[in-house]
Amino acid sequence: MLNTIYRLVRPRQFEIVFDDITMDDRILVRPTHLSICNADQRYYQGKRSEDILRQKLPMALIHEGIGKVIYDPSGQFQVGEKVVMIPNVPYEQDDIIGENYRRSSKFRGSSMNGFMQEYVQTTSDRLVRLPEGMNDLVASFTEMVSVCYHAISRFDRTAHARRETIGVWGDGNMGYITALLLKARFPETKIYAFGVTESKLSDFSFVDETYKVSEIPEDLTIDHGFECVGGNASGQVINQIIDHINPEGTIGILGVSEDPVPINTRMVLEKGLRILGTSRSGRDDFLGLIELYASRPGIMEYLEKLIGGVVKVKDIKDVVAAFEMDIHKIMGKTIMVWD
């Protein structure tokens with residue numbers, strides 16, 4: 001069976017290649033909705049180092065997406081059933097290290113071809129059935145939401161029990177989702193959102209307070225904090241969290257920075273802080289998130305506000321148009337309806 005793969009060969013240039021799929025015991029999924037992530041943009045715009053680009057490209061991008069099952073020899077899924085595709089692909093079992101932290105694991109759109117294909121061949125454990133009636137556009141960025149869910153789950157297992165106040169730094173998509181899930185998981189906790197842009201912070205209507213990072217009261221304290229900014233600014237953000245966090249608090253770091261950033265280790269030691277790095281997610285996070293959606297349906301209404309540009313893709317020109325549109329977005333996710 002012939003498969004069409006849309007690969008990025010160099011910044012801002014895609015090509016079509018054809019690959020023969022061997023029909024075996026794996027499942028075939030036809031992608032229907034793909035969501036563009038900042039990581040995809042770093043490749044598309046050439047913002048990774050030359051060494052990394054030479055190592056990774058050519059490669060099909062996108063690790064956030066849903067599709068329909070078109071072939072399943074195991075019978076676990078019905079033909080035509082909607083599924084979310086898990087981009088993390090583990091190759092070994094480890095009872096201690098999570099699948100998303102094993103050095104042997106692969107990740108679609110980073111160390112193997114992503115979902116920009118006509119068909120995706122995968123195994124049943126890399127698929128999760130979507131609930132009936134779920135908005136396809138929201139479902140397309142389930143992977144990103146699962147990363148925030150994963151970070152909060154690790155925080156819940158690690159942080160001490162005093163959780164009267166939690167601060168989330170970052171007024172973009174990740175900050176929005178993290179604050180939203182924190183409020184859903186810990187409804188009695190006061191959630192504060194910190195950001196740069198007042199218009200973005202106004203969308204955080206579900207939190208208890210919002211603050212511009214330049215106007216934080218000196219006497220404001222939090223029990224725990226999450227950094228959801230990334231880039232070179234993440235060092236400043238982490239240090240601001242260190243300034244306002246109470247002793248023995250936990251700082252969850254979600255933002256990705258290409259370069260090392262300085263942090264105030266003296267105060268980390270003096271306050272006895274825990275710094276918890278989190279990256280990607282695994283199958284358990286997808287399953288837990290779907291259960292959370294079922295128990296807290298109001299979450300979906302807030303996530304719908306993150307639907308930004310929607311581009312129907314029929315050829316490479318449409319792919320380029322979607323990526324260029326995504327560059328200029330202010331907030332939200334750009335979604336390709338993969339046609």
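Data table
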item: Rg to Rh quotient for the range 133-271, alpha carbon positions, Kirkwood Rh; result: 0.95
item: Kirkwood-based shape ratio for the range 59-114, expressed as Rg/Rh from alpha carbons; result: 1.05
item: Over 23 Å between alpha carbons, listed pairs Lys200/Lys329; Lys82/Lys329; Lys82/Lys314; result: Lys82/Lys329
item: Estimated D of the chain in µm² per second, where Rh is the Kirkwood radius over Cα pairs and Stokes-Einstein applies at 4 °C, 1.567 mPa s; result: 62
item: Å² of accessible area per residue within the chain, as computed with a 1.4 Å probe and no ligands counted; result: 46
item: Relative contact order, percent, the chain [alpha-carbon distance under 8 Å, six or more residues apart]; result: 17
item: Potential extension, Asp51-Lys317 segment - 0.36 nm per residue separation minus Cα distance; result: 93.0 nm
item: Shape of the range 139-201, Cα gyration tensor, a/c cut at 1.5; result: oblate
item: Distance-filtered residues of the range 173-198 - backbone nitrogen under 20 Å, label point 7 angstrom along Gln236 Cα→Cβ; result: 173-176, 193-198
item: Centroid-to-centroid separation of the range 215-284 and the range 88-131 [C-alpha atoms, Å]; result: 28
item: Surrounding net charge for Gly308, when Lys and Arg each add one and Asp and Glu each subtract one, Cβ distance under 10 Å; result: +2
item: Ranked packing of 321-333, 137-149, most packed first, by mean Cβ within 10 Å; result: 137-149, 321-333
item: Relative contact order for the range 199-321, counting Cα pairs under 8 Å that sit 6 or more residues apart, in percent; result: 18
item: Kirkwood Rh (inverse of mean 1/r, distinct Cα pairs), the range 1-70, angstrom; result: 13.6
item: Helix axis angle, 142-158 relative to the chain longest principal axis, alpha carbon, degrees; result: 40
item: Formal net charge of residues neighbouring Leu292 (Cβ-Cβ distance under 11 Å; K, R +1; D, E -1); result: 0
item: For the range 73-211, the fraction of alpha-carbon pairs in successive 5 Å shells from zero, as %; result: 2, 8, 15, 16, 17, 15, 14, 9, 4, 1, 0
item: Rg to Rh quotient for the range 191-289, alpha carbon positions, Kirkwood Rh; result: 0.98
item: Protection proxy ranking, peptides 49-62, 235-248, average beta carbon neighbours within 10 Å, highest first; result: 235-248, 49-62
item: The range 124-228, relative contact order in percent, only Cα pairs under 8 angstrom and at least six apart counted; result: 28
item: For peptides 191-198, 163-170, sequence by mean Cβ density within 10 Å, most packed first; result: 163-170, 191-198
item: Structure-based [θ]222 nm, the chain - -39500 (n - 2.57) summed over DSSP H runs of at least 4, per residue, nearest 500; result: -8500 deg cm²/dmol
item: Share of pairwise Cα separations in the range 217-257, more than 16 Å, in percent; result: 31
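The values are calculated or read from the model by the stated rules, or taken from the named source; none is laboratory data. What you are looking at is a predicted structure, and each value in this text was computed from that prediction instead of being measured. All Cβ positions, even for glycine, are placed from backbone atoms using ideal geometry, and neighbour counts span all protein chains on display. The protein model used for the area step is the full one, side chains on, heavy atoms only, and it has no ligands, DNA or RNA in it. Shrake-Rupley method; radii C 1.70, N 1.55, O 1.52, S 1.80 Å.
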